[in-house]
Every structure is written in structure tokens, then in C-alpha cells.
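Chemist: Here you go, one structure.
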Amino acid sequence: MHLLRIALASLANRRFIALLTVVAIGLSVCLLLAVERIRSEARASFASTVSGTDLIVGARSGSLNLLLYSVFRIGNATNNIRWESYEALARHPQVKWSVPISLGDSHRGYRVMGTSEGYFEHYRYGRKQSLRLSEGRAFAADPFEVVLGAEVARALGYHLDQELVLAHGVARVSLVKHDDKPFRVVGILARTGTPVDRTLHISLAGMEALHIDWQSGMPARGAARIDAERVREMAACSEDQLCAQALQPKAITAVLLGLNSRVATFGLQREINQYRGEPLLAILPGVALQELWSLMGVAEKALLLVSLFVVLTGLVGMLTAILASLNERRREMAILRSVGARPWHLALLLLLEALLLTLAGILLGLTLLYLGIAIGQDPLQAEYGLYLPLRIPSSYELTLLGGILCAGLTMGLVPAWRAYRQSLADGLSIRL
């Protein structure tokens, strides 16, 4: 207890240097824990970019390729799925719900996705959160209605009832636009922090309507051209079989499936992969997401390594501050020796000071971390879909903090040994 009081008094006497050392360690600890929290939560958020979906089905290719274009809107499908195959999947007794997806067009660099009304009902992200509309409604009977993702609306400044023109293909600059068939914004989705925010959602009928008069990959000319009003008339006469078939997709890009029982997932996956109608591939989104995340493991570990080096820099700063003060404190050491302190007492005193500085830095780092989470929790979730809970440190984080404390104690061995040697050499006198 006497040594502890002496150590505290000594640090108080050098309070400015001690405070700077504690702040340096605290900031580095805060950075390390923040990186670890964001890394673990980003991994969990990434793994739940799509949740509640048991299988994703597309044309046979690679699992990562299917995941990238169906969920992240990156890349293109190697082939499409025939509408008859989709209907066969939707009618399967193990399938509870199905959501078709059709990709191919874009708008000012953002992907356009054709889907059904069930997409807004069944699609889940994060911790099984459903999609919400911040403004307006979902598309309905009119094939030329579009629902915007939050980022599309914000970045392009769109609002409800505004008209926009879609472009053919997915290039940022397209030479072929569907000028004769403008879409009207009827809804804007709330921010999710997922690729949904960067997507324009239209109905399958709307996607089909865009290309209803196209021939050999080019729009028709003259009398063969079908304008938007004619398409609306065709959509309205749904009781006419010819009209209904005109706006019915011939093929789609992928299908999201929800099953009646998770037990049937692997059996249905095997059945789809062996489907005789056409070559199909069914993947489990969670497994594919983990596989994709593993490819980014090098960057993840590099970020953690940089944070550890920052902590090491803070501890080296502490070591430098203690060592720099040793010569100035030789008089103090001599006085302590004169009142009965032994050389190992002085070494223990330096160790205790290093331990106190490291512990204070850790406590400051934790305080800054929780303060930062409390302030930034809502903006992070709103802007990036990243939820950082206010929870006690995990076992891994406690291991990191224990390692930092041990590292600080190890750093303290250097000045402790020097103080021990100096006290033996100086005795009760000061030899500078």
C-alpha cells in the first residue's frame, strides 16, 4: 500500500507527462477496440445482407458469382432461368414463398431490378428486419412505377411522382435509353445499409414492357414501336390471354426461396442442382456469404495488425516517458533509499507506475469507445446498416486488454531494471 501511494504521488507530481501518456494509450486502445467491434459487427452485418432466405437459385455457374449478382448487384448472370422453371420451383411442396428477380437495365450507374410484390413482403436483411418504405408505396398494377432505394433517391435528388428514364444495359453511360417508356417514382425505401439502397425496383411486367418491342437486341422503329400507353392498355386487359402473355416474363435472372422447413433445405438444394429441365444452381446464402468474407480475410487481419501497432506505439511512448524521467528522479530514489527502501522496492515502484499508466489508458480507451458508440450508434445504423450494441467487452476483447496490460507491465521492466541498477550504484548519494 505504501508503494501504491508513493507511485500515485509520483505520477501526480509529473501529472502533465503522465496525462499525455494515458491519453496516448487510451486513444490507441480505443482505436483497437473500435476496429475489433466494427470488424466483428461488419462481419455479422455482411453475413446477414440477406436473411430469412433459405436458397438462392440461378443459372448454373459459381456460387460466388450467383451471390454477387443476385444480392450485391455486381456482375452479370451467365444465363437466365426460364419462366416455366421458376413456376415449377414456386409450386414445389417444400417452397413457402418465392421471389423472382430480373436484372439487366440501369439508371445513371444504379442497377434496376424487376421483381414481384412479394419482394417487399419476404425480403429480410440484418437481424431479419423487413423492408420499410420511408415515403410512398410499393408498385402496383401500373407497369411503369418504380420504388427507389434510399441511396438512389438521396444521391440523385429524386422525390415522389418524379419521372425518370431507364437505360438499357448496366454501363454508367448508355447509348440506348427507354425514352418512350418513362417510369414514375411511387415509393422510396428506408435506408438498410445493404445493396437494396442502391437499387431501383420495378415490377416484372415493367421490365418486360421495356423490351416488348425490341427485336434482335435493338428497339423497334416506326409502326412496330409500342409506346407506354399501349403497354398500359395491355396490362389493363389482363383477362385477355394474349395481353397477359405479352407482359409475362419469358425468363428471369434468379429466384429467392423461403421453405416450409429448414430441414428440407439440403434435400431441395440437391434436387434443384439435379433439375433436368435446365442447368440450375441453388446456394445457401449464409454459406456463400461466409465464403465471400473469407476472401477479404487478409485486409481484415491487416487492419487489426495496424491497430495493434498503434497500441504498441502508445506503450513505447510510455516507456520513453518513464526512461526520460529516470535521471531527474535519482534524487528521489536516493531519498527513498535513505528512509529504508531497498533497490527492489524502487524497481517495483517503476513497475507499479507502468502498470497504473497502462491501466488508466485502458480505462480511458473503454470510456472513449462506449462514448463513441453511444453518439454514433444511430448514424452508423442509418447510413451503413451497421449496428454497434452497447455491450460489455467480449472474451476476445478482454483477452486483447489483458495482453495490453501484460505488454505495459513488460515495458515497465526496462525502467525498473535501470532504477534497480542505478540505486545499487548510487547508494544514498547522487552520482550524475
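Chemist: Excluding residues on the same chain fewer than 8 positions from K96, give the lysines whose Cα lies under 19 Å from its Cα.
Modeler: K128
Chemist: Label I392 and K96 with points 7 Å out from Cα along Cα→Cβ: what is the distance between them in nm?
Modeler: The answer from the label model is 3.5 nm.
Chemist: For an R0 of 45 angstrom, estimate the FRET efficiency from the Cβ-Cβ distance between T399 and E271 and round to the nearest 0.05.
Modeler: That pair, T399 with E271, gives E of 0.50.
Chemist: Still on this model: If you count, for each residue, the other Cβ atoms within 10 Å and average over each peptide, how do 403-412, 196-205 line up from highest to lowest?
Modeler: 196-205, 403-412
Chemist: A further question on this structure: Ranking T265, T320 by Cβ neighbours within 10 Å, fewest first, what do you get?
Modeler: T320, T265
Chemist: A further question follows. Obtain the nm distance between the two label points defined at T320 and L164 by a simple spin-label model: each point lies 7 Å from its Cα along the Cα-to-C-beta direction.
Modeler: Going from the T320 label point to the L164 one covers 5.2 nm.
Chemist: How many nm separate the modelled label positions at S261 and R15, each set 7 Å beyond the Cα in the direction of the Cβ?
Modeler: For the pair S261/R15, the computed spacing is 7.1 nm.
Values in this text are rule-based calculations from the coordinates and carry no lab data. A quick note: this is a predicted structure, and the numbers were derived from the prediction, not measured. All Cβ positions, even for glycine, are placed from backbone atoms using ideal geometry, and neighbour counts span all protein chains on display.
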